[in-house]
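Before any comments, here is the structure.
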């Protein structure tokens with residue numbers, strides 16, 4: 001379970017120091033996959049980073065009574081001068097794996113990322129897509145209660161996108177997903193619930209289709225009734 005209570009977030013370099021997120025209150029249950037929906041710049045990725053613990057609220061609190069992955073799809077995190085293999089080995093050690101576990105993780109990521117000989121080249125020589133593939137495989141190599149994804153299923157060619165989506169589907173039921181995606185199809189396919197991030201607020205929907213409908217209506221400048229907290 002993830003609980004967010006009276007959370008506010010802004011960056012001082014942000015235009016006019018406006019609040020990106022304002023008084024967010026959410027309770028995300030166990031084993032419920034959630035789609036984060038909203039227009040560009042609404043604060044979806046910021047909310048995902050806050051849930052991951054990669055950033056801290058300006059006000060309020062987040063409680064994580066579960067293990068949470070780093071956001072798959074976000075850039076950063078690798079040592080550029082180290083090879084893909086070395087980076088994966090380092091993370092596996094940090095996660096507390098013994099020698100057998102470290103070798104399992106390396107083999108899994110090498111197979112999943114599909115970057116060939118580049119796995120033994122410095123990460124600084126990788127394209128952004130190759131880094132995303134490596135990051136995706138590394139996240140899935142470990143068992144988390146909650147997997148976070150920021151457009152991760154948009155990485156790579158059609159075959160890899162299908163592979164990424166299939167990997168997420170395997171985890172639905174055992175773990176939960178919190179996903180940022182501009183693909184309505186991906187959101188509907190993988191998520192049961194939705195959070196619509198709009199004008200700094202984060203609105204919870206038990207049915208992801210209702211969240212998508214209200215988001216679509218907002219793009220058409222229709223007046224909609226935002227659900228109130230129970």
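Expected output is a single nm value to one decimal: the length gained when fully extending between residue 219 and residue 207, i.e. 0.36 nm times separation in residues minus the C-alpha distance. What is it?
Working it through step by step, the gained length comes to 2.4 nm.
Residue ranges 92-100, 78-86 sort as 78-86, 92-100 when ordered by packing (mean number of other C-beta atoms within 10 Å per residue, highest first).
Take every DSSP beta bridge whose two residues both sit in the chain; close to 50 percent of them are antiparallel. Compared with the direct C-alpha span, the chain from residue 111 to residue 1 gains 36.4 nm at full extension, assuming 0.36 nm per residue. Model label sites at residue 183 and residue 23, defined 7 Å from Cα along the beta-carbon direction, differ in position by 3.7 nm.
So for 39, 198, fewest C-beta neighbours within 10 Å to most, what's the order?
39, 198
Summed over all non-identical Cα pairs, the Kirkwood treatment of the chain gives a radius of 18.5 Å.
Note on the chain: helix-only mean residue ellipticity at 222 nm, from DSSP H runs of 4+ residues weighted -39500 (n - 2.57) and normalised by residue number, equals -11000 deg cm²/dmol. What separates the Cα centres of region 28-52 and region 72-122 is a distance of 26 Å. Ranked by the mean number of other Cβ atoms within 10 Å of their residues, highest first, the peptides 184-190, 45-51 fall in the order 45-51, 184-190.
Here, each number is a calculation from the coordinates, and none is a lab measurement. Everything quoted here is computed from the prediction, not taken from an experiment. Glycine also receives a Cβ, built like all others from the backbone with ideal geometry; neighbour counts cover every protein chain displayed.
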